[in-house]
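Worksheet: the structure to be examined is printed underneath.
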Amino acid sequence: MGRVYLDHAATTPVDPEVADAMARVLRETHGNPSSVHAEGRAARALVDRARDEVASALGAEPSEIVFTGGGTEADNLALRGVLRARRADGSGLVTTAIEHHAVIDTANDLAATDGAQVRVLPVDPHGLVDPAILERSLDERTVLVSIIHGNNEIGTLQPLDLLGAICRRRGITFHTDAIQSVGALPFDVRALPVDLVSVNAHKFYGPKGVGALYVRRGTRLATVQTGGGQEHGRRTGTENVAGIVGLGVALRLAAARRTTESSRQSALRDRLIAGVLGRVPGAILTGHPVLRLPNHASFCFPGVRGDELVIACDLAGFAVASGSACTAGETEPSAVLLALGLDRATARGSLRVTVGRGTTEAEVDAFLAVLPPIVARLRDDRRAALGATVPEADGTASGPGATAPAGSPRT
């Protein structure tokens, strides 16, 4: 068996049909979509077709789709656009402790530079937001709530119907970063009380560097950059025609394959979770045991450092992750894991394993065969190197002056 890719939450391989569609654009369509001549109209037609495909997959109107340079830009546009458009109404933003950096860092910047009042909601040990806590956090200044749908680090799915309904009753704009869930799960903006939805092509087998923001008709959204007025003035700059075409094709294909793939990947995910918890002593499942993304398994291993675990798995032929790809290389434990109530030492031993369209049972079983000895070796090496307080396999501590670690959520 060759290398096995188990990091689909970071990015997915580009689907061959998507790559072919993009290659045709690059070879055959060189016009600027803003030009009125034949070449420009041909490019515009491709952008319009992709907009129709994205809208159809989300249950939206084409005019409600704004193409962006990726998911981070979509999140930025949602937060900055709403707060600046509604500055006269208030400057309150409510978000959560487990958001992607594209949201939480933007919220912090808006607080520092625009004077926005930011409230960060806690989550329970499984990463769920309590609707009652959300409702209590809203006041007359709150104009926007931003809550991630499927968490990129722990896989937990939030109850958007309940959370969005609270916002709708109060007349507050509701944004969700659905970058991990769109393409993997049904997502109908007509059935959900959401006003803004961020989408990213490379999470569902499309190209990197292109995304979209769904903006419900009537939602007030200021532009955050100036220029040529493209995307009806909401996101200016010449459109990435090939990337947009790739996004449209990728989302159309994802929607068509979703039912079969979601159930298949859920079975692989459950096989992973059961195998890890059954074979690695002291393993902790992070995120909700049931309400989670269909392809997502995540763990913490006391006595192991996540970065060392990722390197060891890589040397064994398996591509996995520790936390978010956007924070790879950081030595501090994940803020998402700390928000679950995990202690810092345990949170440092995180591992994320995400399957995809090409993942097989044989690959999952091969990973489950190599992981337990890797964890055991790393624990032994760490105890030998430190010769002090290091968690044992059962989660207890060993060494001079050791004390039991703080309670951690286990499932």
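The values are calculated or read from the model by the stated rules, or taken from the named source; none is laboratory data. Quick caveat, the model's predicted, so the values are computed rather than measured. Cβ: placed from backbone, ideal geometry, glycine included. Neighbour counts: every protein chain shown. Areas reflect the complete protein model, heavy atoms only, side chains present, ligands, DNA and RNA absent. Shrake-Rupley method; radii C 1.70, N 1.55, O 1.52, S 1.80 Å.
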Matching residues in the stretch 235-244 - criterion: being assigned to a loop (DSSP other than H, G, I, E, B), in contact with a Gly (Cβ under 8 Å, 6 or more places away or on another chain) and open to solvent by less than 70 Å² (accessible area, probe 1.4 Å):
Thr236, Gly237
Kindly list, by first and then second residue, each pair from a residue in the stretch 289-300 that is farther than 18 Å from Leu337 by Cβ to a residue that is hydrophobic (A, V, I, L, M, F, W, C) and open to solvent by 20 Å² or more (accessible area, probe 1.4 Å), limited to pairs with Cβ atoms under 8 Å and residues at least 6 apart or on different chains.
Pro294/Ala184; Pro294/Leu185; Asn295/Ala184
Can you pull out every residue in the stretch 61-107 that is polar (S, T, N, Q) and either outside any helix (DSSP H, G or I) or open to solvent by 30 Å² or more (accessible area, probe 1.4 Å) (or both)?
Ser63, Thr68, Thr72, Asn76, Ser91, Thr95, Thr96
Please list, ordered by first then second residue, the pairs with beta carbon atoms under 6 Å, 6 or more apart or interchain, first in the stretch 42-71 and over 17 Å from Ala250 (Cβ atoms) and hydrophobic (A, V, I, L, M, F, W, C), second at pLDDT below 95 and assigned to a helix (DSSP H, G or I).
Val66/Glu231
Any residue in the stretch 326-344 that is over 20 Å from Lys203 (Cβ atoms), among the aliphatic types (A, V, I, L, M) and in a loop (DSSP other than H, G, I, E, B)?
yes
For the stretch 207-234, the count of residues that are closer than 19 Å to Ser35 by Cα, in contact (Cβ under 8 Å) with a residue 12 or more places away in the chain and either touching an Asp or Glu at 6+ places or on another chain (Cβ under 8 Å) or not in a loop (DSSP other than H, G, I, E, B) (or both) equals 3
Output yes when any residue across the stretch 291-308 is open to solvent by 20 Å² or more (accessible area, probe 1.4 Å), within 27 Å of Thr259 (Cα to Cα) and at pLDDT 95 or above, and no when none is.
yes
Count, please, the residues in the stretch 173-191 that happen to be outside any strand (DSSP E or B) and open to solvent by less than 10 Å² (accessible area, probe 1.4 Å).
3
Taking the stretch 340-359 as the region of interest, how many residues are over 26 Å from Val4 (Cα atoms) and open to solvent by 30 Å² or more (accessible area, probe 1.4 Å)?
4
Here the residues within the stretch 108-156 that are under 21 Å from Ile166 (Cα atoms), small (Gly, Ala, Ser) and surrounded by fewer than 14 Cβ atoms within 10 Å (Cβ to Cβ) are Ala132
Keeping to the stretch 100-130, report how many residues are without any contact (Cβ under 8 Å) to a residue 40 or more places away in the chain, of a type in the set (Val, Ile, Thr) and in contact with a helix residue (DSSP H, G or I) (Cβ under 6 Å, 6 or more places away or on another chain).
2
Which of the residues belonging to the stretch 26-60 are hydrophobic (A, V, I, L, M, F, W, C) and open to solvent by 10 Å² or more (accessible area, probe 1.4 Å)?
Leu26, Val36, Ala38, Ala42, Ala45, Leu46, Ala57, Ala60
So Leu162, is it in a helix (DSSP H, G or I), open to solvent by 50 Å² or more (accessible area, probe 1.4 Å) and farther than 23 Å from Ile284 by Cβ
yes
